[in-house]
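J.: Take this structure, written in structure tokens, and hold onto it; I'll ask about it next.
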Amino acid sequence: MLDKILVLDVLDEALKTGGEFAEVFFEDKITNSLLMGNHKIESSAFDITCGVGIRVTKGFFYAYVSTNDLTRDGLLKAAHKAAQAIKSEKRNVQINFVEEKFKTVHPVLLNPLDVSKQEKKEYLSVLSQKAYAKSDKIKRIEASVLDKTQKVLIANSEGLWVEDKRTYTALSLSATVDNGQEVYEDFSRKGAMKGFEQVKNIDLEAFAEEVVSGAVEQFSAVNCPAGKMPVVISNNGGVLFHEACGHSLEATSVAIGASVFAGKKGQKIASDKVTLVDDGTIPSAWGSLNVDDEGVKTRRNTLIKDGELVGYLVDRFNGQRMNEQPTGSSRRQDYTFAPTSRMNNTYVLSGTSDPQEIVASVKKGLYITKFGGGSVQPATGDFNFTVYKAYVIENGKVGKPVKGAKLIGNSADVLMNIDMVGNDEKVSGTGMCGSASGSVPVCHGMPTLHISSITVGGQK
């Protein structure tokens, strides 16, 4: 980490031209990855990222400069460059650091840096062999393991000094199958804010079965019907809320009025059966943190309660424009990005309906268990999602798998059309979310739920 006297000098240099607030973000990160394809290691990477980001703010303006020159001269030069974007009268600021202490709820039992490349390779080999044994239609299996250890220091001109260490480990598997006429693929990642014990605790047989069977099943899929219809989404479909309304509740877009939900706090924006939270404190969850990237302790934020919009995800800078306090939701990919409000673990709370009863209530519709890629416009709430796994529902029973399905709609409309929420809430998604401050780990979740009507795009 950096010396406190040096950090004081850097902050002082950053404030020389009249900035109201200055911040130093130091990062020292080691990333390991290993990819096995067709029984052999195809890529191996070891990456060290080390640098500092310096931010200076004044009112609704900020300047951000990053550098990997960690010498005194290099850091002061970066701070000077950031300061030049602020043209005002210098204020004398007395900075007295108070170090924030906390107890981590994300223990690491086996440091991935202590696990040899050979041992990691053996896990990938076993997983690959199990996957290949599942079907004679397999064209290619890819298995990969990733671990990342990140040390951060956040210090600012208000006297904050906080240090943290974050460890992530994930095992991924993809299966490509081919029957000579068609090719299908399925993919899954199982990650956590843990050490290599995360990999050791995964049931490799079940993991292989999950992914391969998902790909093979597509051969028996029929073309998805199109039109407006009721849709049931299983408790694996939480990414819908992450994309369809989560981004529109981030201060990044709300603060400048570029969100469909801007200015609607206290208003009903969803069915009274919907309560949505974002929780950065879940022990060892992929999207959790002890403190966010502005040094604010994470917390459980309720965004929608019984259909009413009650909160946003707020970072320090955008919170000034909104006149709201930070919610522990400021994140960045690494030191080269300025932080902004982002999701952590976003999920809908359980309702009272039995999942089987939800399905049984649908005469004709669609049952979705997995989404693919999608896009949303926060300013309007319009979204378009590719459906990766879905099945027709006929007379209350789940039938044949379908292919080519898409969900097309508007966040506000969909939230209002949720009329049944199951009692089987699950937080399980292990994703990477890209936005203004880069790509960050996130989780998502939900119970089974019923949308009374939504447009489904099909395939001819």
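J.: Quick one: would you say D292 is closer than 28 Å to Y62 by Cα and touching a Pro at 6+ places or on another chain (Cβ under 9 Å)?
T.: Numbers: closer than 28 Å to Y62 by Cα: yes; touching a Pro at 6+ places or on another chain (Cβ under 9 Å): yes.
Considered against the rule, which asks whether it is closer than 28 Å to Y62 by Cα and touching a Pro at 6+ places or on another chain (Cβ under 9 Å), D292 comes out as yes.
J.: Quick check: anything in region 205-228 modelled with pLDDT of 95 or more, over 18 Å from V145 (Cα atoms), outside any helix (DSSP H, G or I) and in contact with a Gly (Cβ under 7 Å, 6 or more places away or on another chain)?
T.: The answer is no, given that none of the residues of region 205-228 is modelled with pLDDT of 95 or more, over 18 Å from V145 (Cα atoms), outside any helix (DSSP H, G or I) and in contact with a Gly (Cβ under 7 Å, 6 or more places away or on another chain).
J.: Being buried (at least 23 other Cβ atoms within 10 Å of the Cβ), more than 16 Å from M193 (Cβ to Cβ) and under 16 Å from the mean Cα position of the chain (by Cα), is that true of even one residue in region 323-330?
T.: To start, the set of residues in region 323-330 that are buried (at least 23 other Cβ atoms within 10 Å of the Cβ) comprises 327-330.
Within this subset, residues satisfying the condition of being more than 16 Å from M193 (Cβ to Cβ) are 327, 329-330.
Checking the rest, the ones that are also under 16 Å from the mean Cα position of the chain (by Cα) come to 329-330.
There is at least one residue in region 323-330 that is buried (at least 23 other Cβ atoms within 10 Å of the Cβ), more than 16 Å from M193 (Cβ to Cβ) and under 16 Å from the mean Cα position of the chain (by Cα).
J.: Separate question: Answer yes or no: is there a residue in region 274-295 that is within 23 Å of G374 (Cα to Cα), out of contact with any Ser or Thr (no Cβ under 9 Å at 6 or more places or on another chain) and not charged (D, E, K, R).
T.: The answer is yes, given that some residue of region 274-295 is within 23 Å of G374 (Cα to Cα), out of contact with any Ser or Thr (no Cβ under 9 Å at 6 or more places or on another chain) and not charged (D, E, K, R).
J.: Against the condition surrounded by 24 or more Cβ atoms within 10 Å (Cβ to Cβ) and part of a loop (DSSP other than H, G, I, E, B), how does G263 come out, does it pass? Please lay out each step first, then the result.
T.: Details: surrounded by 24 or more Cβ atoms within 10 Å (Cβ to Cβ): no; part of a loop (DSSP other than H, G, I, E, B): yes.
Considered against the rule, which asks whether it is surrounded by 24 or more Cβ atoms within 10 Å (Cβ to Cβ) and part of a loop (DSSP other than H, G, I, E, B), G263 comes out as no.
J.: Take L349 and decide whether it is of a type in the set (A, V, I, L, M, F, W, C), surrounded by fewer than 22 Cβ atoms within 10 Å (Cβ to Cβ) and at negative phi.
T.: Working: of a type in the set (A, V, I, L, M, F, W, C): yes; surrounded by fewer than 22 Cβ atoms within 10 Å (Cβ to Cβ): yes; at negative phi: yes.
Against the criterion (of a type in the set (A, V, I, L, M, F, W, C), surrounded by fewer than 22 Cβ atoms within 10 Å (Cβ to Cβ) and at negative phi), L349 qualifies.
J.: Run S253 past the list (1) touching a Gly at 6+ places or on another chain (Cβ under 7 Å); (2) among the polar types (S, T, N, Q); (3) assigned to a helix (DSSP H, G or I) and report the number of the one that doesn't hold.
T.: Condition not satisfied by S253: (1).
J.: Against the conditions (1) surrounded by 23 or more Cβ atoms within 10 Å (Cβ to Cβ); (2) closer than 30 Å to R140 by Cβ, where does F207 fall short? Just the number, please.
T.: Tallying (1) surrounded by 23 or more Cβ atoms within 10 Å (Cβ to Cβ); (2) closer than 30 Å to R140 by Cβ, F207 fails exactly one: (1).
Matching residues to (1) in a strand (DSSP E or B); (2) crowded, with 21+ Cβ neighbours inside 10 Å:
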| residue | (1), (2) |
| --- | --- |
| L127 | no, yes |
| R140 | yes, no |
| K148 | yes, no |
| L153 | yes, no |
| E158 | no, no |
| V162 | yes, yes |
| L171 | yes, yes |
| K190 | yes, no |
| Q198 | no, yes |
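J.: Considering only residues that are within 13 Å of A244 (Cα to Cα) and either part of a strand (DSSP E or B) or under 22 Å from the mean Cα position of the chain (by Cα) (or both), which ones fall in region 410-429?
T.: Hits for region 410-429 are N410, S411, A412, V414, L415.
J.: Only one of S353, S361, S341 is within 20 Å of the chain's Cα centre (by Cα), in the same structural domain as D419 (by TED's automatic domain parsing) and of a type in the set (G, A, S); which? Spell out how you get there, then give the answer.
T.: On the way: S353 fails: within 20 Å of the chain's Cα centre (by Cα); S361 fails: within 20 Å of the chain's Cα centre (by Cα).
After applying the criteria, what remains is S341.
J.: Can you name the residue in region 346-367 that is in a strand (DSSP E or B) and not hydrophobic (A, V, I, L, M, F, W, C) and, of all such residues, is farthest from E425 (Cα to Cα)?
T.: Taking region 346-367 as the starting set, the residues that turn out to be in a strand (DSSP E or B) are 346-348, 353, 364-367.
This time we only want the ones that are not hydrophobic (A, V, I, L, M, F, W, C), so: 346-347, 353, 364-365, 367.
Values: T346: 12, Y347: 8, S353: 11, K364: 24, G365: 22, Y367: 17 Å.
If we take residues in region 346-367 being in a strand (DSSP E or B) and not hydrophobic (A, V, I, L, M, F, W, C), then K364 is farthest from E425 (Cα to Cα).
Residue-wise test of (1) among the charged types (D, E, K, R); (2) within 22 Å of the chain's Cα centre (by Cα).
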residue: E185; (1), (2): yes, no
residue: E217; (1), (2): yes, no
residue: V222; (1), (2): no, no
residue: E250; (1), (2): yes, yes
residue: A270; (1), (2): no, no
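J.: Filter region 95-129 down to residues that are free of Cβ contacts under 8 Å to residues at least 60 places away in the same chain, over 28 Å from the mean Cα position of the chain (by Cα) and more than 28 Å from F187 (Cα to Cα), then give me how many there are.
T.: Looking only at that region, the number is 0.
J.: Which of the following residues is assigned by TED's automatic domain parsing to the domain that holds V260 and either more than 30 Å from S253 (Cα to Cα) or in a loop (DSSP other than H, G, I, E, B) (or both): K370, K400? Talk me through it step by step, then tell me what you get.
T.: Values: K370 fails: either more than 30 Å from S253 (Cα to Cα) or in a loop (DSSP other than H, G, I, E, B) (or both).
Selected residue: K400, the only one of K370, K400 that is assigned by TED's automatic domain parsing to the domain that holds V260 and either more than 30 Å from S253 (Cα to Cα) or in a loop (DSSP other than H, G, I, E, B) (or both).
J.: Please find, within region 229-260, the residue that is surrounded by the fewest Cβ atoms within 10 Å (Cβ to Cβ) out of those that are under 14 Å from K370 (Cα atoms) and modelled with pLDDT of 90 or more.
T.: N236
J.: Tell me which of these R300 doesn't satisfy, since it passes every other one: (1) farther than 23 Å from Y335 by Cβ; (2) at pLDDT 95 or above; (3) surrounded by 19 or more Cβ atoms within 10 Å (Cβ to Cβ); (4) within 21 Å of the chain's Cα centre (by Cα).
T.: In the conditions (1) farther than 23 Å from Y335 by Cβ; (2) at pLDDT 95 or above; (3) surrounded by 19 or more Cβ atoms within 10 Å (Cβ to Cβ); (4) within 21 Å of the chain's Cα centre (by Cα), R300 misses (3) alone.
The values are calculated or read from the model by the stated rules, or taken from the named source; none is laboratory data. Just so we're clear, the structure is a prediction, and the values are computed from it rather than from any experiment. Every residue, glycine as well, gets a Cβ built from its backbone with ideal geometry; the counts of neighbours run over all protein chains shown.
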